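A.B. asks: Once you've had a glance at the structure underneath, I'll fire off some questions.
No lab work stands behind these numbers, since they all come straight from the coordinates. What you see is a predicted model; the values in this text were computed from it and never measured. Note that each Cβ is placed from the backbone with ideal geometry, even for glycine, and that neighbours are counted across all protein chains shown.
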Amino acid sequence: MLVQKEMLAALWQQPGFKITMLTNDMGIFTEKGGTILFLLGKDGIVTVDSEFPEQSQHLIDELKKKSQQPFTLLINTHHHGDHTSGNISFKGITAHVLAHENSLKNQTNVALASKTEDKQLYPDKTYATTWSDRVAGEKISLYYYGAGHTNGDSFVHFENKNIVHMGDLLFNRRHPFIDRTAGANIKSWINVLDKAMNKFDNKTIFVFGHAAEGYNVTGTKDDLKAFSAYLTNLLQYTDSQIKAGKTKEDILKATEIPGSPEWKGDGIQRPLTAAYEELTATK
Ligand SMILES: [Zn+2]
Ligand SMILES: [Zn+2]
């Protein structure tokens with residue numbers, strides 16, 4: 001009995017992360033928070049996003065088992081804690097941290113407000129519209145197409161592999177968080193997705209920050225199309241309700257966004273609230 005109990009305890013203590021290779025040297029790590037993408041390059045390791053401190057330590061430990069190369073670059077798709085809290089595990093390990101300039105501003109503001117400055121590892125490199133360089137044998141390009149989920153979201157393109165991490169610019173069949181306190185804008189977000197659909201091709205593999213239970217955190221341009229339609233339907237529906245004289249309270253009672261029934265489950269009040277506020281904001 002004792003032995004059995006110990007075995008059970010050992011099983012429970014196994015870390016709950018999952019690593020899925022997308023190519024021979026690129027993969028995704030998922031445990032808790034936004035999906036992490038990594039490249040085990042010829043002369044360095046590149047990681048995109050960092051979940052939380054415990055998770056990023058799991059990631060670092062696992063990648064060290066797979067590669068002797070140094071950690072060259074950590075990229076943050078945006079500032080939210082489920083993508084940057086784990087940066088701190090990379091302190092003294094990664095050569096550089098890179099993000100959009102607004103991501104750094106937002107991360108700093110949140111850390112100041114919550115008195116967690118000592119728990120941050122901030123980007124030492126930022127950019128405004130595009131950034132491109134050869135890193136660890138790959139050509140990596142970052143694109144900023146305007147406000148979306150926040151006002152500092154990047155598309156991170158690994159060009160040779162044709163893999164793009166788009167952070168929380170896509171919630172796969174899950175109601176999105178729309179962070180108006182950090183400059184999010186639904187109308188602009190639709191435009192951002194349009195630009196991405198023009199920029200990347202039909203073979204591009206996209207990595208998403210989050211997905212609903214049973215859906216993947218990777219996908220294709222078809223998923224961008226579906227999410228763009230969801231945002232359009234969200235705005236149209238909310239607008240029609242406002243014009244029909246409905247109160248905010250009434251609008252929040254909706255259980256589905258008409259035209260996008262694939263988006264189910266909890267959290268529909270978040271996008272409806274954001275849409276209501278965006279549409280009724282005084283300019
Ligand atoms: Zn997230
Ligand atoms: Zn986010």
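A.B. asks: Could you check how many residues of region 203-225 are away from ligand 2 (no atom under 16 Å from the Cβ) and among the aliphatic types (A, V, I, L, M)?
C.D. replies: 2
A.B. asks: Scan region 95-103 and give yes if some residue there is under 18 Å from Phe29 (Cβ atoms) and without any contact (Cβ under 8 Å) to a residue 24 or more places away in the chain, otherwise no.
C.D. replies: Within region 95-103, not a single residue is under 18 Å from Phe29 (Cβ atoms) and without any contact (Cβ under 8 Å) to a residue 24 or more places away in the chain.
A.B. asks: Let me ask something else about it. Taking the criterion of being within 11 Å of Arg174 (Cα to Cα), within 16 Å of ligand 1 (Cβ to nearest atom) and touching a residue at least 24 places away in the same chain (Cβ under 8 Å), would at least one residue in region 223-231 satisfy it?
C.D. replies: Yes.
A.B. asks: Sticking with this structure for a sec: Give Gly219, Gly209 a once-over and let me know the one that is touching a His at 6+ places or on another chain (Cβ under 8 Å), in contact (Cβ under 8 Å) with a residue 40 or more places away in the chain and surrounded by 19 or more Cβ atoms within 10 Å (Cβ to Cβ). Let's see the steps before the verdict.
C.D. replies: Numbers: Gly219 fails: touching a His at 6+ places or on another chain (Cβ under 8 Å).
After ruling out the rest, the residue left standing is Gly209.
A.B. asks: A further question on this structure: Name the strands (runs of 3 or more DSSP E) wholly within region 115-179 that hold at least 2 residues that are in contact with a Gly (Cβ under 9 Å, 6 or more places away or on another chain) and not hydroxyl-bearing (Ser, Thr, Tyr)?
C.D. replies: Per the criteria, 155-158.
A.B. asks: While we're on this one: Which residues, counting only those in region 180-201, are among the basic types (Lys, Arg) and either part of a loop (DSSP other than H, G, I, E, B) or within 16 Å of ligand 2 (Cβ to nearest atom) (or both)?
C.D. replies: Arg180
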